Amino acid sequence: MPGSAGVRRRGAVRSEQARLSVLEASGRLFAEKGYDHLTIEGIAAEAGVSKQTIYRWWSSKSAVVADALIEDLLLPDHPVVPDTGDIRADLTAWMQSLLDLVAQPGNEGLVRSLVAAACENPDIGTRLNDALGITATVSTRIEAAVAAGQLPADLPVMEFVRALVGGFVLHTLERADPDPDVAERIVRALLH
């Protein structure tokens, strides 16, 4: 009967078990093959679901990868900013670890896919930032450096963090050649 409380909506109900299977399969395949060799077909086969099931819930491979990252199934050991007392060295080490991560074979498209997923759905960008803690951890480290007198007291912390992350993202999106000094140059440019 239309409108009755017992009538289910049309289409398949999203299964939490199937969702987790897809995300876990994405994490395993990402670790084995890298982003560039990750396919919806491969994820579906590994998760034991159909491609149609995946496309019903996610619009693209990048959206699946973003959710797997958010659920901490993709890069459980993502880089964090160290605190050695030397803000320049700490930010450079953090930036270099990010650049090293995306330079690993098969990971070239990772950042581009995450940017695409965030552009496609602004909620993904917010959730990625929250899950990775980039803004929180980097801003905490910057605030500690300000308190220690290593950086100016009037430094606009959030703008600095955005510029730092933006430098990394732009370098990655430009597909620039690997350069061992780029992390140091980005940090130096922002600290001068």
Item to complete: Run the accessible area of the chain with a 1.4 Å probe and give the carbon-and-sulfur part as a rounded percent.
Response: 54
Discussion item. Apply the a/c threshold of 1.5 to the C-alpha gyration tensor of region 93-192 and tell me whether it is rounded, prolate or oblate.
Written reply: oblate
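Write down the accessible area per residue of region 47-171 in Å², having rolled a 1.4 Å probe over the full set of protein chains.
Numbers: 5880 Å² over 125 residues.
Roughly 47 Å² per residue, with all protein chains present.
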Worksheet, complete the sentence: Sorted largest first, the C-alpha extents of the chain along its principal axes in whole angstrom are 70, 39, 25
Response to the item:
Calculated from DSSP helices alone, with each H run of at least 4 adding -39500 (n - 2.57) and the total divided by the residues of the chain, [θ]222 nm to the nearest 500 comes to -20000 deg cm²/dmol
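I'd like to compare 115-123, 183-191: which one has the highest average count of other Cβ atoms within 10 Å, and what's the full order after that? Numbers along the way, then the final one.
Details: 115-123: 15.4, 183-191: 17.0.
Most protected by this proxy first, the peptides run 183-191, 115-123.
For a test of the definition: using alpha carbon positions, the gyration tensor, and the 1.5 limit on a/c, classify region 87-138 as rounded, prolate or oblate.
On the way: a/c = 3.23, a/b = 1.27, b/c = 2.55.
Cα axes put region 87-138 in the oblate bin.
Which whole-number percent gives the relative contact order of the chain, counting Cα pairs below 8 Å spaced six or more residues apart? Write out the running numbers ahead of the final one.
Details: 177 pairs, mean separation 39.6, N = 192.
With pairs under 8 Å counted, the relative contact order is 21 percent.
The values are calculated or read from the model by the stated rules, or taken from the named source; none is laboratory data. Source: prediction; values computed, not measured. So basically every Cβ, Gly included, is an ideal-geometry build from the backbone, and we count neighbours across all protein chains shown. These accessible areas exclude ligands, DNA and RNA; they are computed on the full protein's heavy atoms, side chains included. Shrake-Rupley method; radii C 1.70, N 1.55, O 1.52, S 1.80 Å.
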